[in-house]
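Working notes, beginning with the structure itself.
Here, each number is a calculation from the coordinates, and none is a lab measurement. All values reported here derive from a predicted model rather than from experimental measurement. Glycine also receives a Cβ, built like all others from the backbone with ideal geometry; neighbour counts cover every protein chain displayed.
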């Protein structure tokens, strides 16, 4: 069945991804559906990422550069403004897309004119050896996606595709989440409150997990509670129509943040323990061990830190040698 001739705009922010960005770009240029523009913005990389980007000669590629490093979220927002396509989607610099991703997605949009957002299943793989770590697929009935989003983010953010009308209505990422994560979850939450959304039950996107992934380098407590903030703002919008970030009850939001951040202020090793737990979930075992050791160094009299290190070592068999 032929696909509708609708143009895609693909947003690709890049920062220090010289080893992977070539594969990311190739995976888009090799798509079975070729009516797209690929908007790439280098966020002041200090490696050879920009050199790799400029080595591609294809009229569908549009290259931009930031004057200073502004981060993933703000770079995406800049690229959103430049999109000219009927549909907008993402390609992260260290991941790659299946060859039929755009064609399959467009066929779903064509078959379901009432649906304005599609996410897809995805595969997370070890960047060192290519082995699959886990699949992100969904047992929950797709018609209950709105209910699911109120509990957790069911998608890897880059799998999301929207009709252009969605961006005109909802806008881009909320800068509150700049450099703390969950911007895609907040965005998805705000979209599904206004537009019908669904899932394409196929693995069309491949997420590379590496030991130097920026999104997995936890530096502050706000990164660890960002999803909780999304949930709280969902509740505020459900009750008052607006959340504390966008002009609603900011005092209520501030009280929530104070409560959530309290334990981190009382125990300055807690952020390291939570980081270790996340690294274990992503099978970044060495990073988990390092975080556990740093927790002990930070608070040597907290028994829980030693217990965490023993757990990490037992589960991962990490040797504390470099």
As a test of understanding, state the convex hull volume per residue of region 189-253 from its alpha carbons, in Å³.
124
Which order do the peptides 90-96, 30-36 come out in when sorted by mean C-beta neighbours inside 10 angstrom, highest first?
90-96, 30-36
Over its alpha-carbon atoms, region 141-190 yields an Rg and a Dmax in Å of 11.4, 32
Using helices alone, what [θ] at 222 nm do you get for the chain, with -39,500 (n - 2.57) per DSSP H run of 4 or more residues, divided over all residues and rounded to the nearest 500?
-13000 deg cm²/dmol
Under the rule rounded for a/c under 1.5, else prolate if a/b exceeds b/c, else oblate, using alpha carbon gyration tensor axes a ≥ b ≥ c, region 140-294 is classed as oblate
So for region 40-147, averaging the separation of alpha carbon pairs under 8 Å that are six or more residues apart and normalising by length, what relative contact order in percent results?
16
From the C-alpha gyration tensor of region 37-166, pull out the three semi-axes of the equivalent ellipsoid (sqrt of 5λ each), sorted largest to smallest, in whole Å.
27, 20, 15
State the percent of C-alpha pairs, over all pairs in the chain, separated by a distance greater than 36 angstrom.
21
Projected onto their principal axes, the Cα atoms of region 1-59 stretch, largest extent first, over whole-Å spans of 44, 17, 16
Using C-alpha positions alone, give me the convex hull volume of region 89-131 per residue in cubic angstrom.
78
Normalised by the empirical 2.2 N^0.38 Å for globular proteins, what value does the Cα Rg of region 218-266 take?
1.16
Average the reciprocal distances over every distinct pair of alpha-carbons in region 267-322, invert the result, and give the Kirkwood radius in Å.
10.7
